[in-house]
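Derivation of every value follows stated rules applied to the coordinates shown; laboratory data play no part. Keep in mind that what you see is a predicted model, and the values were worked out from it rather than measured. All Cβ positions, even for glycine, are placed from backbone atoms using ideal geometry, and neighbour counts span all protein chains on display.
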Amino acid sequence: MTEEVAVKRIGIIGVGEIGRAIVAGLCDGADRPPEVFLSPRGAGTVAELSERYASVRVCAGNQEVVDRSEVVIIAVRRHDRHEALAGLRVTGDKVVVNVMAGVGNDDLRRTLATDAPLVRAIPLPTVRERRSVTVTYPSHPVADSLFEHLGGVLPVADEAAFNVFSALTGTLTTHYSYLATLTRWTAGHGIDPGDADRYVRGLFQGIGRSLGDETRSLHQLAADHETPKGNNERIRTTWFTPANAEALGKALDDLLADL
């Protein structure tokens with residue numbers, strides 16, 4: 001069972017992957033989950049969530065989501081925001097959580113024409129298991145408490161810092177593609193693809209668990225898995241070269257410039 005969420009009524013406009021994950025994180029295993037009000041768009045997804053969780057309700061429209069909620073999470077796609085939010089009335093007693101990538105709070109405030117508190121956040125899909133640290137800006141006690149419940153919160157001092165963390169999230173699918181490349185290489189050497197996939201997953205799940213030890217730096221964790229002139233050192237020094245690391249930094253700088 002999970003600790004009760006302080007906020008009793010939460011609305012979500014835009015129920016894609018992140019919206020689904022937030023609902024699951026709030027409701028799975030909870031003795032008294034909050035009431036969650038969902039926008040009607042994406043009928044299949046919202047119907048499934050309302051059937052699975054007794055505290056989840058589908059609203060007739062986005063205005064009803066706002067009116068029935070204390071906290072409103074806006075999770076629509078960036079290019080859909082003007083259509084989805086047009087004419088929406090948000091009173092100053094609400095807290096609006098903006099999880100739209102690349103949409104600043106000044107932009108959102110102009111769209112909503114509201115004086116309600118606006119908080120940007122970067123929840124990741126692992127909020128469904130309540131183990132994702134969510135970056136927020138500006139810090140707000142209601143929003144920070146919500147994300148603390150979903151795995152942890154990291155408030156930052158300004159929007160520039162927020163954008164740095166946002167750029168980091170752009171590396172996630174590259175990590176999966178790296179693992180897929182390892183699996184493909186293994187299968188190319190005659191190993192059954194299913195066995196290759198199972199082994200690579202297990203190999204890196206173990207590495208992922210070691211990240212939970214925050215008493216050791218990332219450099220120390222790398223050293224723990226490496227012996228001088230061993231296999232790991234060889235791959236690191238011949239493939240992940242300073243030029244490779246510099247190229248990754250350049251790609252992240254270019255992404256940050258666009259946020």
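Tabulated data for the structure shown
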{"quantity": "Set of the stretch 159-199 residues, backbone N closer than 17 Å to the point 7 Å along the Cα-Cβ line of residue 209", "calculated": "198-199"}
{"quantity": "Spin-label model distance (nm) - residue 6 vs residue 160, 7 Å beyond Cα toward Cβ", "calculated": "3.0 nm"}
{"quantity": "Candidate lysines - alpha carbon under 20 Å from residue 8, same-chain residues fewer than 8 apart omitted", "calculated": "94"}
{"quantity": "Built amide H within the under 5 Å cut-off of residue 11, gap 5+", "calculated": "37, 70, 71, 72, 73"}
{"quantity": "FRET efficiency for residue 179 and residue 41, using Cβ-Cβ distance with R0 set to 30 Å, rounded to 0.05", "calculated": "0.35"}
{"quantity": "Contact order normalised by residue count of the stretch 103-239, Cα under 8 Å, 6+ apart, percent", "calculated": "12 percent"}
{"quantity": "Taking the stretch 115-163 and dividing mean pair separation by its residue count, relative contact order in percent (alpha carbons under 8 Å, at least six apart)", "calculated": "35 percent"}
{"quantity": "Surface/4 estimate of mean projected area, convex hull on alpha-carbon atoms of the chain, nm²", "calculated": "16.6 nm²"}
{"quantity": "Average Cα contact separation per residue, the stretch 33-177, under 8 Å, 6 or more apart, as relative contact order %", "calculated": "14 percent"}
{"quantity": "Chain lengthening between residue 189 and residue 48 when straightened (0.36 nm per residue, less Cα-Cα)", "calculated": "46.5 nm"}
